[in-house]
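Shown next, in structure tokens, is the structure this report addresses.
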Amino acid sequence: MKVSIKDNPVQLRPISDDDLEVLSRIYASTREEEMKRVPDWSAAQVKAFLEQQFGAQHEYYQKNYLGADFRVIEQEGQVIGRLYVQKDFMNREVRIIDVTLLPPWRNRGIGSGLLKAVMQEAARLHRPLTIHVESYNPAKQLYERLGFKKVSETNGVYHLMQWQPSA
């Protein structure tokens, strides 16, 4: 699948076992700030922890989102992120499981372009689009700008956000 976003055409392709190392790096990039606040861990301990956490998340996603589209985001053959979407979540909605870009690719309009493409697909399917986001995640502001509304909260940290296509 090719998605054109401003001057940033990107390709989406299914993940493979060959992508596990880069997918682990993509995951680790989402926890960089958090890991800076763990002063007593060596770089090796942080790396081992993040690899273990990625492995657990990856296994969970694969087992619990059967039939989902697990995609690597590429630009000019270079992996720049991941987009995981289940179009038939609970037989009633489209669920963004995860969307992450590596730091150098953030704030370039790529993420919002990808979200808009998923929103178009949700509208085509006549289904709401949902995503869980941590309350402190800077991307939450992007979701709000795109029209997502908080519909529930878990433990004061995780917000379930929903976008509804127009009637």
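Among the residues of the range 51-78, those identified as assigned to a loop (DSSP other than H, G, I, E, B) and farther than 18 Å from Phe89 by Cβ are Glu76, Gly77. The set of residues in the range 141-167 being outside any strand (DSSP E or B), modelled with pLDDT of 95 or more and touching a strand residue (DSSP E or B) at 6+ places or on another chain (Cβ under 6 Å) consists of Tyr143, Gly147, Phe148.
In the range 124-167, the residue that is nearest to Arg106 (Cα to Cα) out of those that are touching a residue at least 24 places away in the same chain (Cβ under 8 Å) and polar (S, T, N, Q) is Ser135.
Looking across the range 89-114, the residues that are in contact with a strand residue (DSSP E or B) (Cβ under 7 Å, 6 or more places away or on another chain) and either closer than 21 Å to Val79 by Cβ or assigned to a helix (DSSP H, G or I) (or both) come down to Ile96, Ile97, Asp98, Val99, Thr100, Leu101, Leu102, Trp105, Ile110, Gly111, Gly113, Leu114.
Among the residues in the range 122-135, are any of a type in the set (Val, Ile, Thr), under 17 Å from Ile97 (Cα atoms) and outside any strand (DSSP E or B)? No, the range 122-135 contains no residue that is of a type in the set (Val, Ile, Thr), under 17 Å from Ile97 (Cα atoms) and outside any strand (DSSP E or B).
The residues listed here are Leu23, Leu50, Leu115; of these, the one that is among the hydrophobic types (A, V, I, L, M, F, W, C), touching a residue at least 40 places away in the same chain (Cβ under 8 Å) and either under 25 Å from Phe148 (Cα atoms) or touching a helix residue (DSSP H, G or I) at 6+ places or on another chain (Cβ under 9 Å) (or both) is Leu23.
Mind checking which residues of the range 126-140 are aliphatic (A, V, I, L, M) and at pLDDT 95 or above? Working first, answer last.
Taking the range 126-140 as the starting set, the residues that turn out to be aliphatic (A, V, I, L, M) are 129, 131, 133, 139.
Residues satisfying the conditions are Leu129, Ile131, Val133.
Taking every residue in the range 67-79 that is under 9 Å from Ile15 (Cα atoms) and pairing it with any residue that is surrounded by fewer than 16 Cβ atoms within 10 Å (Cβ to Cβ) and modelled with pLDDT under 95, at least 6 positions away or on another chain, the pairs with Cβ-Cβ distances below 8 Å are Arg71/Met1.
The values are calculated or read from the model by the stated rules, or taken from the named source; none is laboratory data. Predicted model only: the values in this text are computed from it and were never measured. Cβ sites come from the backbone with ideal geometry, for glycine too, and all protein chains shown count toward neighbours.
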